[in-house]
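Notes to accompany the following structure.
The values are calculated or read from the model by the stated rules, or taken from the named source; none is laboratory data. This structure is a prediction, so every number in the text was calculated from the model and none was measured. Because the Cβ atoms are built from the backbone with ideal geometry, glycine has one as well, and the counts that use them run over all protein chains shown.
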Ligand code: SF4
């Protein structure tokens, strides 16, 4: 063990190369040893580095589940509705802390519980922002194909879940990893007749035939663009190729379109990712501002017909490069990006309207982007709720798409009053400065100098310590 501190060569003499320790990282061991000798030496000294065989045989499915469900929490592509307040590990029942089962929303608004896991948190890539990167000092685990199939079926039979969200680090090669993921989906669908929801995170470098098969088996497929700009991807994820990611997304889009077309015989080809494709972008790891992030998201939505772009606030990770920030960006930033994304997709806003209201290219963290836009365009308000067209009503802060639908339906029968709007579900605390209706006019409120301050949280004295 002492010889391990002698450098790269003596580590190899004592333990063999990392191909023996971690077959999953085969072919990358030299780079791993070169770049991370101090980390490995520390792990050897603490006795924390055991052979792959030792690690894998020592772990039961429950332990693997704990590691691989926890590792999947960084994947934002299916949102959890958990909070961080209650945990029953020390007694009681139920928990909002644990990972493993998360909730996603179907296109019809239905909430679906998913078993959300990684096939493995081994990875041969070294993406600087990722806790599972090859040089990361985390405990590793790997499920077999049968273990994931059994877990999914058993959880499904017990009514814990309605589907599976499966992602993975890259083991041996992109094709090998994708093959295993596809094998899981194929076994579930064909051997066990599993009709539940499957979301597969696909690997852009994998063979197109494997991604195609994944699309035929899964309800949704996703390919992460990772970071908002190509330059950031090249810098922080050197093994990933932005052009290859886009090619893979374009391939999925083409297959989806083909699946909709009937052939000359009137037959449709098999279904292909009927719940669409999505992607994830990490926010706050590089210096991109919100305008850059939203511009990229808009291109992805229009170019590849994505169902969702997920924004994931960067989480600082242990032993990270100094180029990454030490603290995570405020969660409010992620939230504002989702709100802006919604405005672009469902409220008829154009990109420059949102980014134009963003000072220095970043969204206002204190107030939502629709309110920020409305305050900057007060000349358009107040709107008469009883006569304004739908596209303008959608721009009123506090009015959602459902509220506008109800307003349009209700005003066919009578003139709406303030109380009617409250009953319909409008957030009148926000909307009242921007609308008129029977019996209500905002008077000078719309143009008042302190309008923004009424909505923003009160300023706080920063602590010096
Ligand atoms: S390929 Fe995925 S799992 Fe592997 S280091 Fe990069 S982000 Fe992490």
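Under the condition of being surrounded by 21 or more Cβ atoms within 10 Å (Cβ to Cβ) and more than 16 Å from the ligand (Cβ to nearest atom), which residue from region 126-150 is farthest from residue 325 (Cα to Cα)? The selected residue is 149. Among the candidates 302, 288, the residue that is buried (at least 16 other Cβ atoms within 10 Å of the Cβ), under 30 Å from residue 275 (Cα atoms) and in the same structural domain as residue 235 (by TED's automatic domain parsing) is uniquely 288. Applying the selection to region 349-377, what residues are part of a loop (DSSP other than H, G, I, E, B) and under 16 Å from residue 299 (Cα atoms)? Of everything in region 349-377, those that are part of a loop (DSSP other than H, G, I, E, B) and under 16 Å from residue 299 (Cα atoms) turn out to be 349, 350. Those residues that are within 16 Å of the ligand (Cβ to nearest atom) and surrounded by fewer than 20 Cβ atoms within 10 Å (Cβ to Cβ), I need them from region 151-178; list them, please. Residues satisfying the conditions are 172, 173, 175, 176.
Among the residues making up region 394-417, those that are within 24 Å of residue 369 (Cα to Cα) and out of contact with any helix residue (DSSP H, G or I) (no Cβ under 7 Å at 6 or more places or on another chain) are 400, 402, 405. Checked against the criterion of being away from the ligand (no atom under 16 Å from the Cβ) and surrounded by fewer than 21 Cβ atoms within 10 Å (Cβ to Cβ), the candidates 231, 218, 185 yield just one match: 231.
The residue that is surrounded by the fewest Cβ atoms within 10 Å (Cβ to Cβ), counting only those in region 428-449 that are within 35 Å of the chain's Cα centre (by Cα) and not in a loop (DSSP other than H, G, I, E, B), is 429.
All of (1) in a loop (DSSP other than H, G, I, E, B); (2) under 22 Å from residue 223 (Cα atoms) hold for residue 326 with one exception: (2).
A search for C-beta distances below 7 Å between a residue of region 126-146 that is in the same structural domain as residue 239 (by TED's automatic domain parsing) and within 27 Å of residue 188 (Cβ to Cβ) and any residue that is part of a loop (DSSP other than H, G, I, E, B) and away from the ligand (no atom under 13 Å from the Cβ), counting only pairs 6+ apart in sequence or on different chains, returns 141/59.
Yes/no matrix, rows are residues, columns are (1) under 18 Å from residue 130 (Cβ atoms); (2) in a loop (DSSP other than H, G, I, E, B); (3) at pLDDT 95 or above; (4) within 16 Å of the ligand (Cβ to nearest atom):
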residue	(1), (2), (3), (4)
238	yes, yes, no, yes
255	no, no, no, no
263	no, yes, no, no
267	no, yes, no, no
271	no, yes, no, no
274	no, yes, no, no
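Checking 206, 250 one by one, the residue that is surrounded by fewer than 17 Cβ atoms within 10 Å (Cβ to Cβ), out of contact with any strand residue (DSSP E or B) (no Cβ under 8 Å at 6 or more places or on another chain) and in contact (Cβ under 8 Å) with a residue 24 or more places away in the chain is 250 and no other. Every test in (1) assigned by TED's automatic domain parsing to the domain that holds residue 167; (2) at pLDDT below 90 is passed by residue 357 save one, and that test is (1).
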